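Reviewing the structure listed below.
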């Protein structure tokens, strides 16, 4: 059944392989055509009848045509898939396809939404951090508790407690009375003058003795426990101040200073001094000592903004996310808009980090002269904003991850080349496994057919893990992203296209059927 093909028909057949001719021959042979094709000689065996020879020749040709049909269908599927990924060819002289109508209002709205989200992102992060610091006792203690182990803070507390005890004892007056009483005992003038000159060394020795006792207490575990208990009371006082509790307002001084009560530390020190033989402390009145944690004349007036802070910390992060989503949805190129959204978040966090660095310098230079340890005040500032720095770094990493994922899923030439390389690698790995009898079977076919659903579930799970996290950290964001990428890679590798299942048996199996 050889076919005569004109040059025109040969050119048309070379453009796209078509299984129509082999299919027609298969149908003809299946219909029972007994004559062999012209010019074809059927193999004859000794003793075989002409009818049997014709039947054998027809079966052989039918098997060959079926194999050719399977290969042609596989080639057509491959060409259709490749054509779907290529942009349509432009035919010279043909009319260009109509361009989609531009919508400048929609594009402008997308840009405005992304810009506003970028401006509000630092405010949202600061508001959420401040709300957690003020209203969450555990978060507040996690912020200030490490200060008890900081050497500079320990030195500042030691100086404050030592000064309070020395002032309560009134060592200068006590030394003066003692030296004066001794000098009036009828001693020789030179000896009396020497006794009076001992007043300064006596004060220094007593002060050093008290300071050593304070340092032993401050560097012990008892100080950490006392510091935590005192800061728990401070946090309760702060919430009461911002809520407008009149009793809490009365506990602040005129400058609005919020202090940590060190009475427990003083009690521990006086007990240690009494045990060491310095029993004069037993006759002292109650000693009040405190450590200024926040000093601002505006602290009392901040209660008017407490409710606003609570509302901003709760809703502003969601408003920013909503604006980013609106900007992405309204944009013509979703992937590009998502890249821009991620970079906007990252850029906003960089600006926030720069603002924190500038604020640190401004805070250090604006400390009042009565602050004895400016270095300790700077340490307190760094520790208070430590969780804010963690939050901005987490959002920065999240923005970069979103931008990277959107770039890989985009329609740029680099992204398409990257995806094609990944597809070729997974196809090679899948083929190598199947040649060795390792196959995912129907599960792989289902994963290939439902790949959009699988990607949506993995992406939604990653987003849910980030949203439900109690506290974001850069390491947590990176871990969630890596897990999502690994799961997607495994599902893509396990997916098995249905065309591979259909064409899998090969010509030998087809001939045997």
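Here, each number is a calculation from the coordinates, and none is a lab measurement. If you're wondering where the values come from, they're calculated on a predicted model, not measured in any experiment. Positions of Cβ are generated from backbone atoms using ideal geometry, with glycine treated the same way; all protein chains shown enter the neighbour counts.
Measuring from centroid to centroid over Cα atoms, what is the spacing of the stretch 444-475 and the stretch 227-242 in Å?
41
In whole angstrom, how far apart do the alpha carbon centroids of the stretch 375-427 and the stretch 306-331 sit?
With the stretch 375-427 and the stretch 306-331 each reduced to a Cα centre, they are spaced 20 Å.
For residue 177 and residue 464, calculate 0.36 nm times their separation in residues minus their Cα-Cα distance, and state this gained length in nm to one decimal. Write out the running numbers ahead of the final one.
Working: separation 287, 0.36 × 287 = 103.32 nm, distance 7.38 nm.
Extra length from residue 177 to residue 464 when fully extended: 95.9 nm.
What percent do you get for the relative contact order of the stretch 412-513 when only Cα pairs under 8 Å and 6+ apart count? Don't skip to the answer; put the middle values down first.
Numbers: 50 pairs, mean separation 42.1, N = 102.
Answer for the stretch 412-513 is 41 percent.
Using the beta-carbon distance between residue 279 and residue 142 and R0 = 35 Å, what value does 1/(1 + (r/R0)^6) give for FRET efficiency, to the nearest 0.05? Walk me through the intermediate numbers first.
Numbers: r = 41 Å, r/R0 = 1.16.
Calculated value: 0.30.
In nm, what is the difference between 0.36 nm times the number of residues separating residue 311 and residue 389 and their Cα-Cα distance?
Details: separation 78, 0.36 × 78 = 28.08 nm, distance 2.15 nm.
Length gained, residue 311 through residue 389: 25.9 nm.
Going by C-beta contacts inside 10 Å, put 238, 345 in order with the fewest on the left. Intermediate results must be reported in sequence, preceding the final value.
Values: 238 21, 345 26.
In increasing order of surrounding Cβ atoms, one gets 238, 345.
Taking neighbour Cβ counts within 10 Å as the exposure measure, how do 165, 287, 319 sort from fewest upward? Walk me through the intermediate numbers first.
Numbers: 165 24, 287 18, 319 14.
Lowest to highest Cβ neighbour count: 319, 287, 165.
At 0.36 nm per residue, minus the direct Cα-Cα distance, what do residue 445 and residue 60 gain on full extension? Give it in nm, one decimal, please.
Values: separation 385, 0.36 × 385 = 138.60 nm, distance 3.25 nm.
Here the segment from residue 445 to residue 60 would lengthen by 135.3 nm.
Testing the spin-label approximation: label points 7 Å from Cα along Cα→Cβ at residue 119 and residue 233. State their distance in nm.
Rounded to a tenth, the inter-label distance reads 4.6 nm.
To make sure I understand, if each residue's beta carbon is the centre and we count other beta carbons within 10 Å, what order do 197, 274 fall in, fewest to most? Write down the numbers at each step before the final one.
Details: 197 11, 274 14.
Placing the least packed residue first, the sequence is 197, 274.
Could you give the nm distance between label points at residue 411 and residue 82, where each point is 7 Å from its Cα heading toward the beta carbon?
2.2
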